[in-house]
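Worksheet: one structure, shown below.
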Amino acid sequence: MKLRRLAISLGLISASVSTGVNAVSAEHKQCDVELTHGLIITEDTIRIVDNNQTRVQINHGNQLLVKGQWIELNAQEAQVLEQYNKMIRDTVPELVDLATDGVNIGLSAIENVVTGLSDKEPEELKTQLQYVERALRDKFKRGDDFFYIAPQSLSKLDDFFAQEVSKKIHTAIQGSLGAMLVSLGDALQSQEGNIEDRINDVGERMEIITAEIDKSLQKKAEQLAQKSQEYCNCLNALDRTESKLQKIVPELADFDLVKIKSGS
């Protein structure tokens with residue numbers, strides 16, 4: 001039956017989304033690093049935040065405020081701060097970009113499939129995709145002039161992507177499947193045009209879309225895998241630079257940003 005073929009194609013899309021997300025997540029286990037505070041990065045400032053309050057602020061890469069108090073630094077000390085500032089900027093925005101892009105590919109792919117097969121977006125799909133977007137924004141945000149990353153264990157990003165996000169994407173696809181098949185059933189009953197050709201066309205489009213989704217997610221997984229060890233190295237170096245800065249400014253120890261877990 002052609003309808004069965006269509007259902008199988010939808011199942012393949014679900015599998016391809018899950019495969020891409022899980023492939024991304026597996027690499028993060030190599031990097032047992034935790035960000036203990038949130039970070040907001042704009043063109044001119046870096047802010048370390050806790051409970052929506054700015055605790056540490058770096059202006060223009062060489063001016064430091066801790067709990068609103070200006071910290072005087074000599075030229076040598078300012079160089080350590082500038083290095084710290086640069087290392088954060090070299091790592092975090094790219095991580096935010098890759099994390100959000102990886103999920104957006106999957107969400108866009110699902111929406112494209114539904115648009116091609118149903119007159120309107122099923123409510124279940126809309127609800128689940130909104131949940132995924134909200135969960136993502138709680139951990140990563142980006143705008144035209146800022147990046148944000150929430151406090152989190154970077155070694156447990158696999159749980160977020162492979163379990164929370166992947167589960168919701170699966171639910172969205174499965175919840176939409178019924179509506180898609182009902183829509184196709186209505187078309188069959190209407191007897192408009194050559195129904196056999198229409199079913200064949202839908203099946204072919206589904207196979208093409210499935211292949212494209214799989215290719216896109218696999219590419220994203222490979223990009224993240226290639227960056228995984230680089231992030232580990234950068235964050236470990238960032239932690240060492242942070243320790244140097246804390247020796248210069250002991251007040252910073254209360255707002256330790258990078259925590260490297262032992263025994264990783």
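Quick notes on this structure:
- No other residue among 46, 58, 40 is closer than 17 Å to residue 139 by Cβ, at pLDDT 55 or above and open to solvent by less than 60 Å² (accessible area, probe 1.4 Å) apart from 40.
- The condition of being modelled with pLDDT of 85 or more, open to solvent by 70 Å² or more (accessible area, probe 1.4 Å) and in contact with a Phe, Trp or Tyr (Cβ under 6 Å, 6 or more places away or on another chain) holds for only one of 67, 141, 86, that being 141.
- Residue in segment 73-88 that is in contact with a Leu (Cβ under 7 Å, 6 or more places away or on another chain) and either without any contact (Cβ under 8 Å) to a residue 40 or more places away in the chain or not in a helix (DSSP H, G or I) (or both) present: yes
The values are calculated or read from the model by the stated rules, or taken from the named source; none is laboratory data. For clarity, every value in this text was computed on a predicted model and none was experimentally measured. Here Cβ is always computed from backbone atoms with ideal geometry, including for glycine, and neighbour counts include all displayed protein chains. Surface areas here come from the heavy atoms of the whole protein model, side chains and all, with no ligands, DNA or RNA. Shrake-Rupley method; radii C 1.70, N 1.55, O 1.52, S 1.80 Å.
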